[in-house]
Every structure is written in C-alpha cells, then in structure tokens.
Amino acid sequence: GKLYKKLFNANPTEDRNFFLVEKIKFYLKFTTLNLEAIAEHCNIKSIPYLINLFKRYENQTPTAWRKANAN
C-alpha cells in the first residue's frame, strides 16, 4: 500500500473503488441488467454496498444515473 501510494499518489482502495464505479456505469449505460446482475458481474455481494459506493462517487443512485444517462 505504501509503495502504491508513493508511485501513484493515491490509495489503492480508492483507485479500486473508482474503477469499480466506472465498471458499474458501463453496465448501467450499455446493458439492461438489473442491479443484482451488475453486482454479480462486479463481484459485489451486497446491493446496498453497491448503491452506497455508487452514491459516494456519483452523488446519485445507480437507477437515477441510468435514467439521466440513457441513450
């Protein structure tokens, strides 16, 4: 963790969460999968955890984000 922070000036957990949210956004935008299926694809065991993680980075729920970013 210390070496990662020194090299990338970031916490590895924060980076992992950021990329996980990006993956969730991809599934929300380009598929019709429900949150349970998206959580399974992202190896997340808890739907509330997925929602809270998403809200922390995007300031809205995954469902609201999907509606706002529909093609």
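Looking at the structure I just gave you, is ALA70 modelled with pLDDT under 95 and exposed (fewer than 13 other Cβ atoms within 10 Å of the Cβ)? Criteria met by ALA70.
Selection over region 22-36 of residues that are surrounded by 14 or more Cβ atoms within 10 Å (Cβ to Cβ) and polar (S, T, N, Q) gives a count of 0. TYR49: within 12 Å of the chain's Cα centre (by Cα) and aromatic (Phe, Trp, Tyr), yes or no? Against the criterion (within 12 Å of the chain's Cα centre (by Cα) and aromatic (Phe, Trp, Tyr)), TYR49 qualifies.
The values are calculated or read from the model by the stated rules, or taken from the named source; none is laboratory data. Computed from a predicted model, the values in this text were never measured in an experiment. Every residue, glycine among them, receives a Cβ derived from its backbone with ideal geometry; neighbour counts consider all protein chains shown.
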